[in-house]
1. I need a count of the residues in segment 102-119 that are open to solvent by 40 Å² or more (accessible area, probe 1.4 Å) and within 26 Å of the chain's Cα centre (by Cα).
2. For segment 128-139, indicate whether the set of residues that are closer than 26 Å to residue 320 by Cα, open to solvent by 10 Å² or more (accessible area, probe 1.4 Å), within 16 Å of ligand 1 (Cβ to nearest atom) and at pLDDT 95 or above is non-empty.
3. Test each condition in (1) more than 14 Å from ligand 1 (Cβ to nearest atom); (2) in contact with a strand residue (DSSP E or B) (Cβ under 7 Å, 6 or more places away or on another chain); (3) aromatic (Phe, Trp, Tyr) for residue 343 and report the one that comes out false.
4. Kindly indicate whether residue 340 is open to solvent by less than 30 Å² (accessible area, probe 1.4 Å), of a type outside the set (Asp, Glu) and within 28 Å of residue 509 (Cβ to Cβ).
5. If I filter segment 81-90 for residues that are exposed (fewer than 15 other Cβ atoms within 10 Å of the Cβ) and part of a strand (DSSP E or B), do I get at least one hit?
6. Within segment 113-120, is there a residue that is part of a helix (DSSP H, G or I), in the same structural domain as residue 179 (by TED's automatic domain parsing) and closer than 30 Å to residue 23 by Cα?
7. Yes or no: residue 287 more than 15 Å from ligand 2 (Cβ to nearest atom), in contact with a helix residue (DSSP H, G or I) (Cβ under 6 Å, 6 or more places away or on another chain) and open to solvent by 10 Å² or more (accessible area, probe 1.4 Å)?
Amino acid sequence: MTAAPPLPGRYAEVHAASLADPEAFWMGAAAGIDWAVPPRRAFDPEAGAYGRWFPEGRLNACHNAVDRHVAAGRGAQAAILHDSPVTGTKRRITYAELQDEVATLAAVLADLGVGPGDRVILYMPMVPEALVGMLACARIGAVHSVVFGGFAANELAVRIEDASPKVVLAASCGIEPSRVVAYKPLLDAAIAASRHKPEACLILQRPRCAAGLVPGRDRDWAEAVAAARAAGRRAECVPMRATDPLYILYTSGTTGKPKGVVRDTGGYLVALAWSMPNLYDVHPGEVYFCASDIGWVVGHSYIVYAPLLIGCTTVLYEGKPVGTPDAGAFWRVVAEHGVACLFTAPTALRAIKKEDPRGERVGGYDLARFRTLFLAGERADPDSVAWAERTLGRPVIDHWWQTETGWPIAGNPVGLGQLPVKHGSTCVPMPGYDVRVLDEGGRPVGPDTMGTIAIRLPLPPGCLPTLWGSDARFAQSYLTTFPGYYDTSDAGVIDRDGYITVLGRTDDIINVAGHRLSTGGMEAVLASHPDVAECAVIGIRDSLKGEAPCGFVVLKADVARDPGEIERELVALVRDRIGPVAAFKLALTVNRLPKTRSGKILRGTMKRIADHEPWTLPPTIDDAAVLDEIGESLRARGIGEPG
Ligand code: COA
Ligand code: AMP
C-alpha cells in the first residue's frame, strides 16, 4: 500500500501542532483577542466534564466585537449592513454607531435589573436591533438565548421555562415573503404557558405590525432607548471569566425537550478569531455575508461574533435566496456590498439552481471582490456544488459543524492554502479536533470504513462545556457512548488523505432545509391527538430541502371520522406546537406500523421505501403486507416505490 501524498499548504503542520502541543497552539491563538486579565494557561484538565479553556482569563465579548475596533480607528467603518428586501430598506451602521446603540441598550437592560449571569431571551427577526440586543447582553455579562422566529409559542415556552430569563427582547413581527408573522401573540402565549415569568419584555415595534403592550410588563424598545439616551445612560463592558457562559442556544435533541447548548466566552472568541483568516481567508475591513439566521448557531458565530471580532463588516440579510425578488438575490447582495466571502446552506443553492439552472442571473452582477462560497448545515450534494463552481467560477467549500461545537469541526482551510476539493467530503479536521471513526464497540476503524464519527476529548475551545442546567444530560448525551470521546451522532468515513465525509445522523434527528429537527418531538405532538393510537415520523428525501418529515399514524380502533380530516388536523397541530419551520406537510394514516417482533418500529426500512432505495424484508418481521401498505400509502401521494 502506498502512503497518501502530503497535503499542500500549511494545514498538516498547523493541525499536527494543535494536537501535539495544545497549550502553545491555543495560547498563541489567544493573542488575537483582547483580555482584561490574560490567561496564564490555555487549559485546565481538572475542571468541568472534560476540562475548561483559558481558566484564569477575563475578557468581554462586546469589547472584543465592538469597542476595541472603535478605539483602533475603525469607528467610521460599517459594522453591520442590513439589507432587507422584505421591507425594501437598507441600513448601514458604523462601529461607532453600534457602540453607542449597544452601550445605551445595555444601560436599559441594567435598569431593568439585568446583571452578570442573568438570562435574556431574544425572539427577533433579522434586524440590527437583534444584534444590538445580543451584544448589549454580552456587554453586561448577561447570557443571551436567541429563539428562532419560525418556532411556535410552545417551543418558545419550553425555552423560557428552561432558561428562566429576567427579560425578553422581542419584535412585534417577523416578515416572511408570504406573510407577516406577528411575534407578540406568540410571545404572550409562551409566557402564559411557561411556569417562569420574565419580569419585563422590551418590544421593538416594526411599522408593518404594532403589538399591544401588557401594562407593567412590556416596554416600548424605542421609548426606553430614547429615555436612556436623553438621560446620558450608558453601560460599560464588564470583564467576565473566560469560562462564563456567553449564550445558551437550544437545539433539537432526540426527545421533545431541546438541549440548551452552553457557549463559554474565552474559548469561543479565540476559536472564532482563529477561523476567520485561517479557514475563511477573510481579513479585517472585508465584507462577510452569512445568509443564515441569528436563531441558528451559524448565525451566532458567523453573522454576529466572528466577523465583528476581527473588524469585518457583516451583512445582515432579511430575505430569502429566491423570491425576494428573484434567484439573483444573493449575487445582488454580494455585488452591491463588495462581499469577499458568502456562507450559506446547500438548500439555498438548490433553490437558486431550480429557478435559474443556467446561472444567468449571476452574469448581471460584478462579483470582482467575491472569493469563496462556504456551505454548511446539511450534506452538500455534489451536483449543487459542481453547479455553483461552474456558475460562480470560485471555490465552493463544504464544511461540517454542529450547534454543539460552535465553529467548524472540519473544512478546507483556505487561508492556510486551499486543499484539493473532493465533492461530497467536508475535508479535514480543524485545529484541536482529533476526529476518529468508531465501530459499534468504540474501536477506531480503518480508512474508508463507515462508523460513528467521534472526537477525542478534550474538545477544542469554542465547543460546549455542558448543557444548561444539566451536566448529567450533557455527559449522558455525548460522553458515555464512547468513553474518552465526544459522540457527534453523525455517521461517516475518513479516507486515506484524512478527508471526512459525513453521511447522516445516527439518531432520530432530521435535517430539513438546513434546519435540525427531532422526529421524536414531532411524534410526541402526533401522539397527543385524541384519535391517534401510535405513530412514527421519518425524514424522506426532498429535492429542495434535503429531507422532509413524513408522519405515519395508526388511528384508535373506535375512530370513525374521515382520515383525511384527521391528517389535516395533524399537519396543523405540528405547525401550531413546533412551528412552520418543522415544514410538516405529510401525515398518512395506515392500519399498522411495521415492527420487529420485539416491537421496534422499522423506521429505516420505511425511509428506504420512501426514498426509492433497495430494501429487503427484515428477518425480524413476520408480515410483509404491513410494509406493502406503507409503500401503497406513499405511492398514493406520489412518493416512493417498493424495492
Ligand atoms: N419566522 C417565521 N417563520 C419562518 C421563519 C422565521 N424566521 N423562517 C422560516 N419560516 C417559515 C416559512 O415562512 C415557511 O412557512 P410556510 O410553511 O408558511 O411556507 C416555513 O417556516 C418553512 O420555512 P423554510 O424551510 O425556510 O422554507 P421556505 O419554503 O420558506 O424556503 C428555502 C425555502 C430553501 C428558501 C429556505 O429553506 C432557505 O433559505 N433555507 C436555507 C436555510 C439556512 O440558511 N439554514 C441555516 C443553516 S446554516
Ligand atoms: P446544527 O446543530 O443545526 O448545526 O446541525 C448539525 C447537524 O447538521 C450535524 O450533526 C450534521 O448532521 C448536519 N451537518 C451540518 N453540516 C454538515 C455538512 N457540511 N455535511 C453534512 N452534514 C452536515
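The values are calculated or read from the model by the stated rules, or taken from the named source; none is laboratory data. Please read these numbers as outputs of a predicted model, since none were measured by experiment. No Cβ is skipped: glycine too gets one built from the backbone with ideal geometry, and neighbour counts run over all protein chains shown. Each accessible area value is taken on the protein alone, full model and side chains, heavy atoms only, with ligands, DNA and RNA left out. Shrake-Rupley method; radii C 1.70, N 1.55, O 1.52, S 1.80 Å.
1. The qualifying residues number 2.
2. So far as segment 128-139 goes, yes, one or more of its residues are closer than 26 Å to residue 320 by Cα, open to solvent by 10 Å² or more (accessible area, probe 1.4 Å), within 16 Å of ligand 1 (Cβ to nearest atom) and at pLDDT 95 or above.
3. In the conditions (1) more than 14 Å from ligand 1 (Cβ to nearest atom); (2) in contact with a strand residue (DSSP E or B) (Cβ under 7 Å, 6 or more places away or on another chain); (3) aromatic (Phe, Trp, Tyr), residue 343 misses (1) alone.
4. It is false that residue 340 is open to solvent by less than 30 Å² (accessible area, probe 1.4 Å), of a type outside the set (Asp, Glu) and within 28 Å of residue 509 (Cβ to Cβ).
5. yes
6. Looking through segment 113-120, none of the residues is part of a helix (DSSP H, G or I), in the same structural domain as residue 179 (by TED's automatic domain parsing) and closer than 30 Å to residue 23 by Cα.
7. yes
Residue-wise test of (1) over 22 Å from residue 91 (Cα atoms); (2) assigned to a loop (DSSP other than H, G, I, E, B).
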site: 149; (1), (2): no, yes
site: 190; (1), (2): yes, no
site: 225; (1), (2): no, no
site: 229; (1), (2): no, no
